[in-house]
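Chemist: My questions all concern the structure below.
Please treat every number below as a calculation from the coordinates, not as lab data. It should be emphasised that the depicted structure is a prediction, and the values quoted were computed from it without experimental measurement. Backbone-built Cβ (ideal geometry, glycine too); neighbour counts: all protein chains shown.
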Amino acid sequence: MKAKSLSVFFLLFCMVLITSCTSKAQEKPPDKSIFKDTMVEMTWEEVKKEAEKGSVVLFPIAVVEEHGPHMDLSPDIYETYHGCKLMKQSLEKKGISTVIAPPYYWGINQSTGQFPGSFTVKPETFKAVLSDSIECLKRWGFTKVFCSNLHGDPVHRATLDSAINEIRTNLGIDVYNVDALNVKVQNPPAFPSSWPGKYNPDYHAGADETSMMLSCYPDKVNTELAKKLKPQSAFEPLGYVGDPANFSKGKGGEILNVLSERGALAIEAFLKQQKK
């Protein structure tokens, strides 16, 4: 009897082990390629067809920048890229054909430039590379480009707006900053309410941004370390402004969804306004 019981136990153990291994094998880690679903994964003929049918271009604008001790240098790139994918999905549902350009991430980091890892370029370099990239889009036949930027550095934002105005004038192509579209949007989705104990200010690698990254790329956030971080209201000493410990994965997803849908609605309203 004892031998039989051991055999049954061993059989059950093996079944549990196999089930566990199969389950883990089926779990797909998030695809971290910032080129997935962008022009980079298209052939030149497919790009040509998109231009010929009048697809609008979403151009993710980001930076490589420190994001505290609990995240790597990538959040701005991934959040902006992910937001453009959500915008594309929404625009396609509205009947607006859309393609995503390769993410641009050589931006300006004056606010966090003192931290290792925060790459920054001169304003003239930023403008030149962006202009050359959009000139390529024009040469291929695209006529409307919408830049999407989530990086908050004041010099970066001002340089982007200046660059867009200059490119529109010099190249004669319709290029705009999604955030600066002068349109009225009917019934835009509301931002999620602030959660209990929310610390202010919170604008860099704090609760909001940690939550956003956690919602789409969870393995890029060191949650155990984040829980130990104390709120701080300036970049020094640890490279974040806010309260990373108060993250909420659900709220992060809501924030990204609302930002993306507002952008899609603004683009839709702008295109309708242009047709009048």
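Chemist: When the dipole is taken about the Cα centre of region 96-180, and only Lys, Arg (+1) and Asp, Glu (-1) are charged at their Cβ, what size is it in debye, to the nearest 20? Mind dumping the intermediate values first?
Modeler: Numbers: 7 positive and 8 negative charges, 27 e Å.
That gives a dipole near 140 debye.
Chemist: Now for a separate question. Report ³J(HN,Hα) in whole Hz for each residue of region 160-166, in order, from the Karplus equation J = 6.51 cos²θ - 1.76 cosθ + 1.60 where θ = phi - 60°; Gly and Pro get x.
Modeler: For region 160-166, the Karplus-derived couplings read 4, 4, 5, 4, 4, 4, 5 Hz, x marking Gly and Pro.
Chemist: Sticking with this one: Dipole of the chain (Lys/Arg Cβ +1, Asp/Glu Cβ -1, origin at the Cα centre): which of F59, S211, G152 lies farthest to the positive side?
Modeler: About the Cα centre, the residue reaching furthest to the positive side is S211.
Chemist: Once fully extended, how much extra length lies between W44 and S162, figured as 0.36 nm per residue of separation less the alpha-carbon to alpha-carbon distance?
Modeler: Answer, rounded to one decimal: 39.4 nm.
Chemist: Give, as a single signed number, the net charge of other residues whose beta carbon lies under 9 Å from the beta carbon of E65, with Lys and Arg counted +1 and Asp and Glu -1. Before the final figure, lay out each step's value.
Modeler: Numbers: positive: none; negative: E66, D76, D153.
After counting each charged neighbour, the total is -3.
Chemist: What are the ³J(HN,Hα) values, in whole Hz, obtained from phi via the Karplus relation 6.51 cos²θ - 1.76 cosθ + 1.60 with θ = phi - 60°, for each residue of region 260-275 in sequence order, with x given for Gly and Pro?
Modeler: Working through the residues one at a time gives 5, 5, 4, x, 5, 5, 5, 5, 4, 5, 5, 5, 5, 5, 5, 6 Hz.
Chemist: Using a 10 angstrom cutoff on alpha carbons, build the Gaussian network for the chain and name the most mobile of T159, T43, T80.
Modeler: Looking only at T159, T43, T80, the biggest GNM fluctuation is shown by T43.
Chemist: Got a sec to turn the phi values of region 98-115 into Karplus ³J(HN,Hα) couplings, 6.51 cos²θ - 1.76 cosθ + 1.60 with θ = phi - 60°, whole Hz, x for Gly and Pro?
Modeler: Along region 98-115, the couplings run 9, 10, 10, 6, x, x, 9, 9, 9, x, 10, 10, 6, 5, 10, x, 6, 9 Hz.
Chemist: Give the lysines whose C-alpha is closer than 21 Å to that of K228, dropping any in the same chain fewer than 8 places away, or say none.
Modeler: K198, K220, K249, K251
Chemist: With +1 on each Lys and Arg Cβ and -1 on each Asp and Glu Cβ, and nothing else charged, work out how big the dipole of region 39-275 is about its Cα centre, in Debye to the nearest 20.
Modeler: 700
Chemist: Of all DSSP beta bridges located in the chain, what percent are antiparallel, nearest 5?
Modeler: Bridges in the chain that DSSP calls antiparallel: roughly 25 percent.
Chemist: Could you check the spin-label model distance between S133 and Y203? Points 7 Å from the Cα along Cα→Cβ, value in nm.
Modeler: Spacing of the two 7 Å Cα→Cβ label points: 2.4 nm.
Chemist: Pairs of Cα atoms under 8 Å, at least six residues apart: use those to get the relative contact order of region 39-275, whole percent. Intermediate values should be presented prior to the final figure.
Modeler: Numbers: 420 pairs, mean separation 55.8, N = 237.
Once divided by the residue count of region 39-275, the mean separation gives 24 percent.
Chemist: Using only the Cα atoms, what convex hull volume per residue in Å³ does region 39-275 have? If you can, show how the numbers build up before the last one.
Modeler: On the way: hull volume 29.5 nm³, N = 237.
Value for region 39-275: 125 Å³ per residue.
Chemist: Now for a different question. Scaled to the compact-protein estimate 2.2 N^0.38 Å, what is the alpha-carbon radius of gyration of region 124-260, rounded to two decimal places? List each step's numbers first, then the result.
Modeler: On the way: Rg = 18.2 Å, N = 137, 2.2 N^0.38 = 14.3 Å.
So the Cα radius of gyration is 1.28 times the expected 2.2 N^0.38 Å.
Chemist: Further, regarding this structure: Please compute the length gained on full extension between N187 and T169, using 0.36 nm multiplied by the number of residues separating them and subtracting their Cα-Cα distance. Let's see the in-between values first.
Modeler: Numbers: separation 18, 0.36 × 18 = 6.48 nm, distance 3.24 nm.
Here the segment from N187 to T169 would lengthen by 3.2 nm.
Chemist: Give me, ordered by chain and number, the residues 5 or more places off C147 or on other chains with an amide H under 5 Å from its own placed amide H.
Modeler: Sorted by chain and number, the residues that satisfy this are F59, Y176, N177, V178.
Chemist: Tell me the angle of helix 123-140 to the major Cα principal axis of the chain, expressed in degrees between 0 and 90 and rounded to the nearest ten.
Modeler: That works out to roughly 80 degrees.
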